[in-house]
Structures are given as C-alpha cells and as structure tokens.
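The values are calculated or read from the model by the stated rules, or taken from the named source; none is laboratory data. Remember, predicted model here, so these are calculated numbers, not experimental data. Here the Cβ positions follow ideal geometry from the backbone for every residue, glycine too, while neighbour counts run over all protein chains shown.
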Amino acid sequence: MLSDKALLNPLLQLLKIPSVSTQEEHTSDMEKARKYLVHLFNSLGFKTKILKGKKHDAVFANLTTDNRLPTTLIYGHYDVQPPDPLEEWKTPPFEPSVKDDDIYARGSADNKGQHMIHIMAVKKLLEKGKPPVNFKFIIEGEEEIGSISIESLAKKYSKNLLLCDYLMVSDTEMKKNHPSIDIGLRGLLYTEIRLQTADHDLHSGVYGGVAENPVNILAYLISNLKDNKGRVLIPNFYKDVASL
C-alpha cells in the first residue's frame, strides 16, 4: 500500500501542478513546477541550477559527497501532455487520486512518478548516511515537445555539470511482473503530405482512366516506404544506424 506520506506527498504535490509544455497558458505552471523541484532538491542538500532551454528551462541538481566516488546522473522531465479529453477522466487529472497501489493523475506514469521515485530513494539513502555514489539530476521541461534543448544542453555541460560515470533514465513503462531493461527507444518522424492533381473535380466516368487519382498516388507512395519484411526503403535511411 502507498502509505508512507513523507515519501508520497512530494509526488502528489508535483502532480497537482498542470505543467503542460505544449500550451502557452501553462507557462506559469511550468515555472511553478521548476521552483517546486528546486525547493525539494535544496531541502535534501543538493546544489541546484536552472539550465536555460529554448522554450522551457531544465532543473539541474548535484549532490557530490566524495569526489573519489562514481557519479550517477538521473534524467527525468517535469512536463506533461494535455489531459484532454477531460470527459474521459473519472477523477480530475491534476487532483491526484490514490486507489490501492495506483495513483491516478496526469504525469503519474510519465514522468513525474518515475523521477520522484529516484529522488525519494536518494532521500532514504541519505537518512542512512553517506551514499556510495554521488548523485546528479537533470529534469527537463521539453520532453513532450521533442526535447528541443536537451542535445545542446548535453554538449554545453558534458564536461562539467553533466559529467558522470553512469546515466539512468526511467521514462518507460514496466509491465506488472515483467521487469525490463530498455537498451534504446525509437524516435518518431511526423510528416504531412499534400497532393493536388487537377484544380477542380473531374468526372470519373470521363476522366477516370486518364487523370491520376490522388488517393492511388498516395497509396503507392506509402506502399513503397517498406518492403514485405518491414525494412524501410528510403535511400540512406540506415546510413547512420549502428549495427548491433
């Protein structure tokens, strides 16, 4: 049962903040979420820094107790997707509801729940004394809009703030009773194709055998993206893919 209020309450408070990165009206909520995380990290003895993002800043936290020990960098994101359609929710998305061992709220599984588990684990380790490793966190606010700043932040701070021996990312789901280790996550490519043939409607009985139907052209295009074994046929698609 989720009964330890000292460990659970920080997550519930963060879940109440509607930190939706895709909507301008939640810009102040994004800042509120950052301030909450900074306060939480500071209360645990971390040194914090706001890393400037292209749209929403990231929160960096560092707890180095011994330079001779290895350092683990833990990644997370505090932004969430919009909760629409609201009528599909049985409980309000930003009013966390605890039922048995489950928490129902936007962000509880992606990704506030995951990185808060790590933060609370560090909290418990600190209560037992000096931990066996140093800890760093980077909690970004742009994951739901494509992590548009994470690459530049990694390059900028790779030799100082983000320097580490281990990197931990928990932004995936673990099926019940089926532990898993993800070695990679595929990306997404969104495209919009607009195809126009004639500039007005053509009668199929008169022009059907002469003028190309856009639906048929698009169907042909899509059917040639992959072969019958699922391999992508776009030239140079696999050029920069490392072999297993």
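So, residue 224, is that one loosely packed, with under 10 Cβ neighbours inside 10 Å and among the polar types (S, T, N, Q) or not? So residue 224 fails the test.
Matching residues to (1) in contact (Cβ under 8 Å) with a residue 12 or more places away in the chain; (2) farther than 16 Å from residue 168 by Cα:
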| residue | (1), (2) |
| --- | --- |
| 66 | yes, yes |
| 70 | yes, no |
| 74 | yes, no |
| 86 | no, yes |
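Against the conditions (1) in contact with a Ser or Thr (Cβ under 9 Å, 6 or more places away or on another chain); (2) at pLDDT below 90, residue 166 satisfies every one except (2).
Could you look through the stretch 1-24, keep only residues that are among the charged types (D, E, K, R) and farther than 16 Å from residue 144 by Cα, and pick out the one that is surrounded by the most Cβ atoms within 10 Å (Cβ to Cβ)?
We begin by selecting, within the stretch 1-24, every residue among the charged types (D, E, K, R); these are 4-5, 16, 24.
Of the ones still in play, those that are also farther than 16 Å from residue 144 by Cα are 4-5, 16.
On the way: 4: 10, 5: 9, 16: 18.
So the residue we want is 16.
For the stretch 96-138, taking the residues that are among the acidic types (Asp, Glu) and not in a strand (DSSP E or B), the one that is farthest from residue 26 (Cα to Cα) is identified as 127.
Looking for something assigned by TED's automatic domain parsing to the domain that holds residue 68, over 18 Å from residue 14 (Cβ atoms), at pLDDT 95 or above and not polar (S, T, N, Q) - is there at least one such residue anywhere in the stretch 128-135? Yes, because at least one residue in the stretch 128-135 is assigned by TED's automatic domain parsing to the domain that holds residue 68, over 18 Å from residue 14 (Cβ atoms), at pLDDT 95 or above and not polar (S, T, N, Q).
In the stretch 197-221, the residues that are free of Cβ contacts under 8 Å to residues at least 24 places away in the same chain and of a type in the set (Val, Ile, Thr) reach residues that are surrounded by 10 or more Cβ atoms within 10 Å (Cβ to Cβ) and not in a loop (DSSP other than H, G, I, E, B) with C-beta atoms within less than 7 angstrom, at least six apart or across chains, in these pairs: 197/214.
Only one of 27, 65 is surrounded by 14 or more Cβ atoms within 10 Å (Cβ to Cβ) and modelled with pLDDT under 95. Can you tell me which? Of 27, 65, the one residue that is surrounded by 14 or more Cβ atoms within 10 Å (Cβ to Cβ) and modelled with pLDDT under 95 is 65. Pairing residues of the stretch 139-164 that are in the same structural domain as residue 59 (by TED's automatic domain parsing) and in a helix (DSSP H, G or I) with residues that are small (Gly, Ala, Ser) and surrounded by 16 or more Cβ atoms within 10 Å (Cβ to Cβ), at Cβ distances under 7 Å and at least 6 apart in sequence or on separate chains, gives 144/21; 145/21; 153/58.
Remark: residue 118 matches the filter, which requires a residue to be free of Cβ contacts under 8 Å to residues at least 60 places away in the same chain, crowded, with 16+ Cβ neighbours inside 10 Å and not charged (D, E, K, R). Can you find a residue that is among the charged types (D, E, K, R), at positive phi and either in contact with a strand residue (DSSP E or B) (Cβ under 7 Å, 6 or more places away or on another chain) or assigned by TED's automatic domain parsing to the domain that holds residue 21 (or both) anywhere in the stretch 84-107? Yes, the stretch 84-107 has at least one match.
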